[in-house]
Amino acid sequence: MPEPPVPFDLRSAREAFATAGRLQGEATRLAAPRVDADHLARLRAADAAYLQALTAGRVEHAIAADDAFHQVLLEVADDPDLQVSMDLLLPRLKRMDLFVFARKAFERGENTHPQVVAALERGDGETAAQLVEASFHAAGEAIAVAVDR
C-alpha cells in the first residue's frame, strides 16, 4: 500500500528550506577539506545534468540532479546525523521542489553550483557553504513569494 502524501504547506517553505540550507551548509563546510578531483568531477557532472534537465523542462530530472549535487557533499562530509536529518526533510522538500523547479524551467534563476565548485577548488569551504545556504534560502523565499501573490 502506498504511503499517504506528505502534508504540503507552501507557507512553511521558508522554514523547511532554511533548515535544509543550514544542514547542507554544514555538510559543505565539513566536506570542503576532503573534496578531491573525483568529488569535483561528480559535482560538475551533477550540475551539467541539472542544467540539461532545466533546459529541456524536465523538472523531475532537474530535482534529481540537484539532489545528486548536494548528496556528493553530504557523502564527503561523512556525518551520519546530517545525512539522517536531510533524509527526514527530503519528503517535505520534494513536493516544494516540484513547485520551485517547474518555475525555474521557465524562469531561469541563478545557478550557484559552478560557484560552489570553484570555491571548493580553491579551498574556500566557507564561501561554498554560504552559497549553498543562500541557494536553499532563495528556494524557500521563491515559494513563499509565489504563495503570497
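Worth pointing out:
- Any hit, the range 132-147, residues being surrounded by fewer than 19 Cβ atoms within 10 Å (Cβ to Cβ) and modelled with pLDDT of 90 or more: yes
- Long-range neighbours under 8 Å by Cβ, at least six apart or interchain, first residue under 17 Å from residue 140 (Cβ atoms) within the range 18-45, second of a type in the set (Asp, Glu) and surrounded by 20 or more Cβ atoms within 10 Å (Cβ to Cβ): 21/133; 22/133; 24/133; 25/133
- Only helices (runs of 4 or more DSSP H) whose full extent lies in the range 24-104 are considered here, and the ones with at least 1 residues that are of a type in the set (D, E, K, R), modelled with pLDDT under 90 and closer than 25 Å to residue 118 by Cα are 80-104.
- Every pair of residues 6+ apart whose Cβ atoms lie under 7 Å, when the first sits in the range 116-129 and is on the phi > 0 side of the Ramachandran plot and at pLDDT below 95 while the second is surrounded by 17 or more Cβ atoms within 10 Å (Cβ to Cβ) and hydrophobic (A, V, I, L, M, F, W, C): none
- Some residue of the range 60-69 being more than 23 Å from residue 34 (Cβ to Cβ), charged (D, E, K, R) and surrounded by 21 or more Cβ atoms within 10 Å (Cβ to Cβ): no
The values are calculated or read from the model by the stated rules, or taken from the named source; none is laboratory data. Since the model is a prediction, treat every value here as computed from it, not as a measurement. So basically every Cβ, Gly included, is an ideal-geometry build from the backbone, and we count neighbours across all protein chains shown.
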